[in-house]
Amino acid sequence: MKPTASKYLFPFILLFMSWSAQAQSRKDSTQIIAYIKQYKDIAIREMERSNIPASITLAQGIHESSFGTSYLAKNTNNHFGIKCKSNWTGKTFKYTDDAPDECFRVYETVEDSYKDHTDFLLYRPYYAGLFKLDKHDYKAWAHGLKKAGYATNPKYAEIIIKTIEDYQLAAFDRGELPAYIIPEVPAENIVEEIEQTLIDSTQQSQVPQVEDEKKKIILIEKTVTSVPTLTDKPIKINGKKAVYSTADESLAAISHRFAVTKEKLLQYNDLKSEQPIAAGTPIFLQAKRKKNKEANYTVQTGDNMWRIAQQKGIRLQQLQQFNLLAPGEEPLAGEMLSLNGKVTDKPKVQTGNIPAAAPIAIVRANDTVYPPIKENYKSTIDSNKLLDWEKDTKLLEKSPVTPAQTTISQPKPVDIAPVSTPQKTATTENAVTPTVYPAQIDYANLPKSSNGYHTVVKGDTLYNIAKRYQISLAQLQEWNEMSEQTVKLGQVLKIQP
């Protein structure tokens, strides 16, 4: 029997499909890398603001928006699939996702979407546990997002983790760059290289031509206009590399540009955390020296020990030890400091309220400033326990006693200091036994429904229902299509998907 054409055609079709899939995969990878390069700086800024790993933010953006190519992303700038919810007052967009005509948020820019994603996680109680995690542990964050109910896909955590690992996104969390992103070279460096190349080529020619000079000028001008303007290249202060800070460049940005981790920058510059730093301040890219060749320095008005240590390229602790100064002590203007050896006489120091060497905190959204409390006041009741009781104790209130009972029996003391109040005896027929508040509620032993539904009774809250059945608030709201965290008597809630 003669072989049919289909016998040879089928393997060819399989080969073509395999080739097409590989080609599509390469195309997707190219687009994903372009997406990462475009939005990495926004993700890093949001990490600095909130401590949400940049790797997690980028991976979610890539997945939720199909690296910026999804219909929703293109039409609404919504890169995280965030739905309207009851507190959204901006523009909205109806789109069929998990259900028909769901309401999604609309943003003016993609950066607004990234910022709202940060706020969405920051200000919802069911994501609070995420911020107790190490920002370098992207696996814990991915599983935490899934557990808190961010997505319904059972493999959501695995998808996010694979995206992070495939594209080396965890490097951004460490203040580094993935291998496929080449740090930008300052324009002046490129100009120097071009000039040197042209000089070398001119020297090779016996007769320099005027035309060569014209080409040189045109080439340099073209190169300078095509390269983004950056701060000056590293300089040497006391023999160590440093760069002057600018008004709009953060420590994290310097970290990425010069491939030095933020942790190292903090260590090299005697800082405990990233802080706003005045423009023109030297930021060291290497560990400072323990002394300076200059023998002395006269303190100027407005100086402090940290700024002097930065200007002279000396470790702050060493400068303090040379001059017999304790941490926090600041010398008076006009005093002489030693830069390379211990003094015998301590310089005069400032007294009263001394400004900090560098800002010690960054004011963030929802921060408040209150005057200090003048009197030390200690409550007789642990306020943390009161907050817990307020949420949960209605479930455990005792019912009124029978009218025959005419006295109030004092409850057994709980694990707190009792409030001093006069002892009273009730003689009315309507006397009741007061509520006894337990120190802790054992949700595991509370009665549970076995049919997948829970009927709301007096004292129930969405919070304690979620705890009773060991599910998240987000899941409970999602399964019952709830936009508010309130329940009504007799309401029937799904407690299983």
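The values are calculated or read from the model by the stated rules, or taken from the named source; none is laboratory data. As the structure is a prediction and not an experimental result, all values here were calculated from the model. For neighbour counting, all protein chains shown are included, and Cβ atoms are generated from backbone atoms with ideal geometry for every residue, glycine included.
See the values below:
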item	result
Test: Glu294 is acidic (Asp, Glu) and either over 24 Å from Tyr268 (Cβ atoms) or touching a residue at least 40 places away in the same chain (Cβ under 8 Å) (or both)	yes
In region 33-50, residue nearest to Ala253 (Cα to Cα) [restricted to those that are surrounded by fewer than 19 Cβ atoms within 10 Å (Cβ to Cβ) and in contact with a helix residue (DSSP H, G or I) (Cβ under 7 Å, 6 or more places away or on another chain)]	Glu48
Single condition Gln22 does not satisfy, out of (1) at pLDDT below 90; (2) under 21 Å from Ile160 (Cβ atoms)	(2)
Among (1) of a type outside the set (Lys, Arg); (2) over 13 Å from His117 (Cβ atoms); (3) more than 20 Å from the chain's Cα centre (by Cα) - the single one Ala73 does not satisfy	(2)
Positions within region 313-336 being farther than 19 Å from Gly239 by Cα and either touching a residue at least 60 places away in the same chain (Cβ under 8 Å) or not in a loop (DSSP other than H, G, I, E, B) (or both), in sequence order	Gln320, Gln321, Phe322, Pro331, Met336
Boolean, Gln317 is of a type outside the set (Phe, Trp, Tyr) and over 28 Å from Arg45 (Cα atoms)	yes
Lone qualifier among Ser66, Ser55 - being outside any helix (DSSP H, G or I) and at pLDDT 90 or above	Ser66
Residues located in region 107-123, provided they are surrounded by 18 or more Cβ atoms within 10 Å (Cβ to Cβ) and either among the polar types (S, T, N, Q) or assigned to a loop (DSSP other than H, G, I, E, B) (or both)	Tyr107, Ser113, Thr118
Set Tyr39, Tyr8, Tyr35: member being over 19 Å from the mean Cα position of the chain (by Cα) and at pLDDT 80 or above	Tyr35
Residue list for region 290-348, restricted to those being of a type in the set (Gly, Ala, Ser), under 26 Å from Lys241 (Cα atoms) and out of contact with any Ser or Thr (no Cβ under 8 Å at 6 or more places or on another chain)	Gly302, Ala309, Gly313, Ser338, Gly341
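For every residue, the table says whether it meets (1) more than 15 Å from Glu478 (Cα to Cα); (2) at pLDDT below 90.
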| site | (1), (2) |
| --- | --- |
| Val106 | yes, no |
| Lys115 | yes, no |
| Tyr126 | no, yes |
| Lys147 | no, no |
| Ala151 | no, yes |
| Lys155 | yes, no |
| Ile159 | yes, no |
